[in-house]
Each structure stands twice: as C-alpha cells, then as structure tokens.
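These notes are about the structure you will find just below.
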Amino acid sequence: MHQKIREPLGSGTTKIIGVIVLVLSLVLLGVFVIDSNSPGPTGILHADGSSSPGSTAAPPPATKDSSTPTVAFIGDSYTAGAGASPGHTWPELLALSRGWDSYRSFAHGGTGYATSVRENATRVCGLDVCPSYVEVLPAVIEYAPTLVIVSGGRNDTGKTLDQVALGASTLFESLVLALPESKIMVTSPIWDARQPPATLEGISRVVRRAAENSNVYYLDLDQPFAGRPELITGDLVHPNDQGYELLSDAVSRGLSEAGSPGR
C-alpha cells in the first residue's frame with residue numbers, strides 16, 4: 001500500500017521545543033535509555049556497510065532546493081549496507097540513480113524502532129552503543145534533511161507490539177514536528193529469504209498504523225527476498241549486491257509515485 005506523502009506543515013519554534021521535551025521525557029522515564037558513556041548517536045556510513053562514530057556536530061545542511069534534496073536514512077544493517085560491496089549499499093545506489101549529492105546514513109546494525117544494542121555493540125555497529133531509531137533523532141534533526149527515509153523493523157521481533165508502536169509513533173511524530181518542511185517515507189519491515197517470524201506481520205501492522213497516524217508516506221515493499229536465496233549473502237541474513245539493487249529500485253519507484261524530488 002502506498003499512502004500519499006506528507007505535505008510540509010507550518011514551522012515553529014514551539015514545535016521544535018515540543019519534540020525536544022518529548023524525547024527527553026521518554027529518556028528520563030527509561031523508555032529509551034541512552035548510555036551516557038557512549039558516543040553521540042551519530043555515525044558515518046562506510047562503503048562496506050559498517051559504521052563508525054562521527055563528530056557530534058553534524059555537517060552544515062545544504063541549501064534547501066526542492067530539486068536536490070538533503071536526504072537522511074534511518075534504519076538497521078540493511079540500510080547501513082552490511083554485506084554490500086564498496087559503493088553498493090541501497091542508499092548509495094538510490095542516491096546515484098536519483099542524482100542526490102547530499103545524503104547521510106544514520107543506520108546502525110542490530111537496531112530498530114524500540115531496539116538498541118548494548119552488549120557487543122562494537123562488533124555489531126562499531127559504536128559503544130548501537131542507538132535505536134528514536135535515539136538518533138537529535139542527530140537527524142540537526143542534519144536538517146529535506147527528505148527522511150526510514151527502513152527497518154526486523155530487529156524488533158524481540159519487543160512487544162506496544163513497544164514497537166511507541167517507538168514508531170515517537171519517531172514519526174517527532175520528525176513531523178521538528179522538520180515541518182521535509183518529506184518523510186517509511187518502508188515496511190524486510191525479512192530475508194527464509195520464512196519470516198509470525199511477529200513480523202504485527203510489527204508491519206503497527207509501523208504502518210503509526211505512519212498513517214502521523215500522515216507520512218508508507219511504502220509496502222512486501223517481502224522482496226522471500227524464496228530468493230540467490231539475493232542473500234552466505235550469512236543467510238543480509239542482501240548481496242543484487243539484493244541491494246532490488247531494494248534501491250523498489251524504494252526509487254515508491255519515491256517517484258510519491259512525487260519526491262529527483263529522477
């Protein structure tokens with residue numbers, strides 16, 4: 001299902017303050033805990049799909065131009081490009097195909113809407129803590145993208161649907177409030193070539209509902225790798241280069257249907 005992409009809303013300092021209060025409240029309540037000893041929830045996407053700590057200060061946002069968006073990607077190891085050849089992650093392929101020069105990945109392996117990694121995090125994402133999607137909000141907002149693409153959810157299978165729903169709603173509503181002039185796209189959770197766990201359907205359902213309630217564009221990718229092990233690497237989890245090409249093409253078609261800038 002494709003939902004019409006959210007049109008820009010009016011901006012305002014009050015809305016941004018509201019976002020900050022909302023996120024801080026959740027942190028203080030212990031819903032999403034950020035390790036005070038961890039680096040900031042920022043990262044740089046490497047060609048091999050790994051990530052490493054970046055500067056706590058995001059680079060200056062590009063001048064906003066509807067024809068050349070500044071794009072932020074939020075997601076897990078699929079979005080970070082684990083298993084891809086250099087330059088072959090799906091965000092990189094997507095940016096190349098649509099002529100985007102200004103983009104940044106805030107994706108980290110092992111993470112989800114309500115899931116972070118604190119044990120063996122360095123091995124998973126290269127950081128002391130792999131932050132959940134909600135925990136990267138401050139860095140994404142500071143980057144000031146004109147287009148945000150969120151893709152993930154497979155790592156939330158160990159959480160309750162209420163926890164996933166809260167994480168997704170917090171993320172989408174915060175992005176809408178803090179980036180009122182930006183467009184936001186959310187994809188359905190993606191599994192590999194094996195049979196998805198029963199919980200994935202519920203996660204897809206609550207993510208879609210959260211997107212619809214926040215009036216952001218939801219792109220249902222179905223399960224593009226189902227029964228197609230030739231598109232998955234030897235670890236049986238992550239796509240290979242051909243798999244990432246398929247993802248890039250699918251998201252690009254969704255963007256075109258949504259009327260997003262770029263080819």
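Rounded to a whole number, what % of the accessible area of segment 132-263 do carbon and sulfur atoms account for, probe 1.4 Å?
In segment 132-263, the share of accessible area belonging to carbon and sulfur is 49 percent.
Note down the Stokes-Einstein diffusion coefficient of segment 96-161 in µm²/s, whole number, using a Kirkwood radius over alpha carbon pairs, 20 °C, and 1.002 mPa s.
Using the Kirkwood radius from Cα pairs, D works out to 164 µm²/s.
Using a 1.4 Å probe on the protein heavy atoms, what percent of the accessible area of segment 80-127 belongs to carbon and sulfur?
The value for segment 80-127 is 49 percent carbon and sulfur by accessible area.
Given H placed 1.01 Å from N in the peptide plane, which residues other than close sequence neighbours of Y103 have an amide H under 5 Å from its amide H?
For Y103, the qualifying residues are V71.
State whether segment 111-263 is rounded, prolate or oblate according to the following rule on the C-alpha gyration tensor (a ≥ b ≥ c being the square roots of its eigenvalues): a/c under 1.5 gives rounded; otherwise a/b larger than b/c gives prolate, and the remaining case gives oblate.
Rounded.
So what is the accessible area of segment 112-236 per residue, in Å², with the probe set to 1.4 Å?
38
Would you pull out the residues with amide H under 5 Å of V150's amide H, same chain only if 5 or more places away, H placed 1.01 Å from N?
I74, M185, V186, T187
The values are calculated or read from the model by the stated rules, or taken from the named source; none is laboratory data. No experiment lies behind these values; they were computed from the predicted model shown. Keep in mind that these areas ignore ligands, DNA and RNA; they rest on the heavy atoms of the full protein, side chains included. Shrake-Rupley method; radii C 1.70, N 1.55, O 1.52, S 1.80 Å.
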